[in-house]
Structure formats: structure tokens, C-alpha cells
Amino acid sequence: MGKYDEAVVELYRSGKTPKQIQEILGISRKTEYAARKKAGLVPSRKRTVRVIDFVPERKHQRQYAYTMILAIERDENGLPVPDKTKASAKVFMRELEKKVWLYQRDGHGFYWVPRGEEHGNKIAIEV
């Protein structure tokens, strides 16, 4: 255990903020955070759902396929999605049974092709 671990935990449990703890003990943010982490007092980050594993070029980020993919991600992560967008995303998901979206970074962006065995269950594939 570090030199300040017990003091940090005690102050944190008494209701002090991390910034106040750092000022009271005269320690760095890193030291204070490490002590709370060791004691299990750091909340874990919520794992986010990602539908695609790439970020398209800025010029392609307003295309229909990408906006629907973002809507699906937001919905899966419990974030608010407007009802109209949610309805469009539902239609988009139904269409995915028959087609897959391909993304061409240096071309026109997203375009769809009929779904084949080689596409698996992916929504969009960067080519």
C-alpha cells in the first residue's frame, strides 16, 4: 500500500471530492486516483456497443447508412434516439437481412450490395 492510500480512502468515504483530497493531502491527481482505484472506489466505465470498427471520412458521415448505424449504436447504448430516427433505423435493420453496406474511403462512401455468405453478420465493411 502507498503512503497516502488510507488517508485518501478515509477522506473519499467522508464525502470529499477528489480535488479536495488532492489539496488537503498535497498530492497529485495520479496519486489520489491510484489510491481510490486500489480500494475499488473508482466507478468502472460503461462498455459501449460499436456497430462498425471504423470511422468514415468526414465527407461521408452524413450519408444515410452511417446515420442509421449511429442511431443503432445510440439505441444499443441506452442513449436517446428520436422516434422518427428509431423508426427509420428499424427499417434499415430489416433490410440488412438482404444487403450489406460497403464503405469505400476514397470513393463515394457507403453503398450496398446483396448479402452473401462471405459477409457474415456484419452491417458495414470497409473495402
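Of all beta bridges that DSSP places with both ends in the chain, some 65 percent have antiparallel geometry. Under the simplified labelling scheme, the residue 20-residue 76 pair shows an inter-label distance of 4.0 nm, with each label point 7 Å from Cα along Cα→Cβ.
Based on Cα atoms of the chain, Rg over Rh with Rh as the Kirkwood radius reads 1.26.
Bridging of residue 16 to lysines at a Cα separation below 22 Å is possible for 3, 30, 37, 38, once same-chain residues fewer than 8 apart are set aside.
Shape summary: region 58-126 maps onto an equivalent ellipsoid whose semi-axes, from the alpha-carbon gyration tensor, are 20, 16, 10 Å in decreasing order.
Rule-based calculations on the coordinates, nothing more; no lab input. Please read these numbers as outputs of a predicted model, since none were measured by experiment. Glycine gets a Cβ as well: all are built from the backbone with ideal geometry, and neighbour counts include every protein chain shown.
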